[in-house]
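**Q** The structure that follows is given in the form of structure tokens.
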Amino acid sequence: MDPDQMKALDEVYKKWQGRSSLPACGENYGGSSTNEPQVPGRDAWLKKFGGNLQAPIRQPSRHRPKKRKPKQTTDFSFQPVTELRFHVPPAVIPAIYKRRRPFMGEACNRCCKESKKLYEEVVPSWGMHNVLSMDLFRKKNLLKRSFCHIAFVWSRDISHQYPDVKKNVTQSARVKTCILSPALQESASSGQDMKAAEKERQKRIATLEKEAVNILNGMAAVVYRKFVRFTTWFLLKLFGRLLSSIQIHKGQIDILREASRDDKPLVFLPLHKSHMDYILLTFVLVTCDIKVPHVAAGDNLRIPCFSWILRHLGGFFIKRKLDHSSGKDQLYKCILQEYVEQLLQNGQYLEFYIEGSRSRTGKAMIPKSGLLSLVVHSVTEGMVPDVNIVPVNISYEKVVDSGYTSELLGEVKRPESFWSTIKSIWRVIRTKYGNVRLDFGQPFSLQEFSRAMDQSQPMKDFAVALAAKATTNSSPRSSLLRNYSDVSLVDMGDDKCFTLTKTLGYHVVYDAVNCCAIMSTNMVAFLLLNNHRKGTTFEELCTSFEWLHGENTSRGRDVGFSGKTAAVIRHALRLLEDDVTVTESQKDSSSDVEVYVQPKLVLPHVLNLTFYSNKIVSLFALDAVLACAIISAAEESDSYDTDDIEGQKIVSQTLILEKAEHLCDILQREFIFVPPCVLLESALTEGLEKFTASETLKIMAEKNTAGARGSQWGWDDEDEDMGAFDAPEIEYKLTTSEVQLKKLQFLKSVVAPLVESYWVSACGLLWLRNQRFSDTEFVTALHTCAKERVQQEVTLFPESCSLEPFRNSMRIFKEWKVIKVDADSGVTLCDAYNNEDALFDVIEKISQFKL
């Protein structure tokens, strides 16, 4: 290196050393003079690295700690700025409106505001969990992977206490009084001395005490925790063979666990669809470390061997029918009431099916208030401080039970027996049943619901209407607390237990229906019966499936499946293979294969499809009622918009609502349209707003009623009474759009089979003018007539010959005071309807909604 280069390099070194020398405290960086300019970036360097001017050594990536994105604590997501030049701030949209899966099971905002505190905004995003999945053992050692089911069951917490309450029941004051009262009321005969009478009385008491012990031993459950653990392992193996998955929502289970930490006992109220419900719900609760509930089962399930299994898993057996009039079952009802109270007082959980029996149609049934009245009575009388009510819904892609269609076609139900159960099990284990999903509604306090009922006018009106119907029908109350049949209206109005039980039952069924997941078979069956009755190609079915999926989601319903549409439909068609016809044909122009799907519209296959379809029918029920009312009002209307070249028909809102309320009254035993805390009129008005938003109806004018003719303010100049003001009446123009009219016809077809069944029943009332029938004979005659219409291909809907709507129509005609039902005289017409004109009016009120 030459001297010049060495000299230049020395100058560079000196310059660098001058910059790197650190100043003393209070001196400026880079020199001794305060006026010397500082080097840019040096302050930032020293602030970050201090006096160490060497570059930091960067660690290899495997040693560096990974930066994790902070969890989003709020339920909001931000949209990107559309155009920066306008400096538009980003819009804030709650993430709940962007979820593909709606969250179901929230408690009612009107009745359970305090109970909703358990709900958190982050809960819906927790997603689903398959109970049968053992993925948590995938990264465990070989031993746990090989015996994952045993390891999973062994890790479950079953340390909950299940005390034996039978001794407390027999020694309770209620049961002792019930035993002593009949014996003490018996008077001695004239020729009998006191000692003999006392001896006879003690003998009677001993007999009743022995009977009470026998009743209790045949009723009570005895939970064995080791047996519960073994059964859970066995069911894991069995369900893994029968089912593809058992789905639960993590958020719902977390809310349930939070409620189980409270001192209040939980009362599970599921809708009943299958005999598998008994063990399935208990199995899921055990896998989630929740206490096993005591499950009420009918005495028809007291089958040898199987009843022992159910009893030691928490099942207790009760009579399906009780004698409320003669007092024969008074001791039994007393023991049952005391047994339920003792379970609740000891913190035990209860589970019973509020519908009373399995639904044969796939729709939710009107609630029965037997066991629920015992729970309500225990709380209202102060025997139990409070309980938490949990609505539950179990959705099956394919129901395990068979024989529903035969019962709907009029065959007598076969009683359960040991050998019939063995045959059913053998049939079940050789079949695949797809996916099952359990949805739990948010637990809510019974005391809170009672207070809300006292403050809610719609709920009071609902309770008064129920009491009036019970008095009109002159039938026994379904409550187990009653042992007499005829109750006056005044007594019903004062009976808090009766009104609270009925109102709570309807609200629970409504909540359970609203937290029901739609399965793939439900959607395919609904589309084949309503959109593609004559069959369709696979591609068109996929398009309709995606449309229906969007409709379900927009109404707040989740689905129990995931994956591509084509794969989901193929899976559903495999499960419905007995009731649909799938044919493949080769296209002429190419080598592609065209798949054609057609439903079997013959009995009994069409009833099977209807069973799965009815779950979605309930979802469209209120819209279908409004569509029927709009079409009927338009057919009656003679008014047209003369200013419009299309000549659109004009219908009034009053007429639409009047017809819709009438159709809801007809179908009141088929659907629960609104909860008791909501007025039906307000729900129908809100539904009409959806039709105006979709431009099916267009608001034309608001004309004043007759009482407001004086001026636009609703009062006459000659009459200064301002009270004569009437609200303006809203009128609509019915659209002429072919798309919207097709949608109206589609909605009308959803309830068309039910309307036809009720119309056939109304026509059958004409028989009562000349013939005498018992109630069973009359329903059988109506059902036979409906089946003949199907055989002669007179009806458009073969599913209209289902037996259940004819039974419900009899109850409706009885409420309308069209017929009277008596044990001696059978079914007879009331005096006001004992003529053809009155009967034809009833028929016309129903036929106006026919398709």
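Please treat every number below as a calculation from the coordinates, not as lab data. Nothing here was measured: the structure is a model prediction, and the numbers come from that model. Please note: Cβ atoms are built from the backbone with ideal geometry, for glycine as well, and neighbour counts cover all protein chains shown.
**Q** Would you mind counting up the charge near Q161? Only other residues with Cβ under 10 Å from its Cβ, with Lys and Arg at +1 and Asp and Glu at -1.
**A** Working: positive: R225, K291; negative: none.
Net of charged neighbours comes to +2.
**Q** Which FRET efficiency, nearest 0.05, do E729 and K820 yield, Cβ-Cβ r, R0 35 Å?
**A** My answer for the efficiency is 0.35.
**Q** Follow-up question, since we're still on this one. Express in nm, to one decimal, how much length is gained between D262 and D401 on full extension, taking 0.36 nm for each residue of separation and deducting their alpha carbon distance. Present the calculation step by step, with values, prior to reporting the outcome.
**A** Values: separation 139, 0.36 × 139 = 50.04 nm, distance 3.62 nm.
Between D262 and D401, full extension yields 46.4 nm more.
**Q** Oh, and also: Using the Karplus equation 6.51 cos²θ - 1.76 cosθ + 1.60 (θ = phi - 60°), what ³J(HN,Hα) coupling, rounded to whole Hz, does each residue of the range 407-415 give in order, writing x for Gly and Pro?
**A** 5, 5, 8, x, 6, 6, 5, 7, x
**Q** Which ³J(HN,Hα) values, rounded to whole Hz and listed in residue order, are derived for the range 608-625 from phi using the Karplus coefficients 6.51, -1.76 and 1.60 in 6.51 cos²θ - 1.76 cosθ + 1.60 with θ = phi - 60°, glycine and proline given as x?
**A** Residue by residue, the range 608-625 yields 5, 5, 5, 4, 6, 6, 5, 5, 7, 4, 4, 5, 9, 4, 5, 5, 5, 4 Hz.
**Q** With a ≥ b ≥ c taken as the square roots of the eigenvalues of the C-alpha gyration tensor of the range 292-385, please select rounded if a/c is under 1.5 and otherwise prolate if a/b is larger than b/c or oblate if it is not? Spell out each step's value before the answer.
**A** Values: a/c = 1.30, a/b = 1.17, b/c = 1.11.
Rounded, since a/c falls under 1.5.
**Q** Work out, step by step, the length gained on full extension between I425 and T685: first 0.36 nm times the residue separation, then minus their alpha carbon distance; give nm to one decimal. Please list the in-between numbers first.
**A** Working: separation 260, 0.36 × 260 = 93.60 nm, distance 4.95 nm.
This chain segment gains 88.6 nm when fully extended.
**Q** Okay, moving on. Mind listing P(r) for the range 520-632? All alpha-carbon pairs, 5 Å bins, whole percents.
**A** 2, 11, 21, 23, 19, 13, 7, 4, 2, 0
**Q** Order of 383-392, 520-529, 241-250 by packing, highest average Cβ count within 10 Å first? Spell out each step's value before the answer.
**A** Values: 383-392: 21.8, 520-529: 26.7, 241-250: 19.6.
So the order, starting with the most tightly packed, is 520-529, 383-392, 241-250.
**Q** Here's another thing I want to ask about it. Only loop residues by DSSP count here, and only those with at most 14 other Cβ atoms within 10 Å; note down the trypsin sites (Lys or Arg not before Pro) in the range 408-439 that meet that. Present the calculation step by step, with values, prior to reporting the outcome.
**A** Details: sites: K413, K423, R427, R430, K432, R437; in loops: K413, R430, K432.
Sparse-neighbourhood loop trypsin sites (Lys or Arg not before Pro): K413, R430, K432.
**Q** Then there's this: So if each residue of separation counts as 0.36 nm, and I subtract the Cα-Cα distance between E777 and K850, what length gain in nm does that give?
**A** On the way: separation 73, 0.36 × 73 = 26.28 nm, distance 2.61 nm.
Roughly 23.7 nm would be gained on extension.
**Q** Label E198 and V602 with points 7 Å out from Cα along Cα→Cβ: what is the distance between them in nm?
**A** According to this spin-label approximation, the distance is 7.9 nm.
**Q** When you count, for each residue, the other Cβ atoms within 10 Å and take the mean per peptide, how do 660-670, 162-172 rank with the highest first?
**A** Sorting 660-670, 162-172 by mean packing, highest first, produces 660-670, 162-172.
**Q** Based on the alpha-carbon gyration tensor of the range 277-319 and its eigenvalue square roots a ≥ b ≥ c, which shape applies: rounded if a/c is under 1.5, prolate if not and a/b is larger than b/c, or oblate?
**A** Details: a/c = 2.54, a/b = 2.05, b/c = 1.24.
Prolate, because a/c is 1.5 or more and a/b exceeds b/c.
**Q** About its Cα centre, what dipole magnitude does the range 718-845 give when the only charges are +1 on Lys and Arg Cβ and -1 on Asp and Glu Cβ, stated in debye to the nearest 20? Display every interim value, and only then the final one.
**A** Values: 14 positive and 23 negative charges, 217 e Å.
So the magnitude is around 1040 debye.
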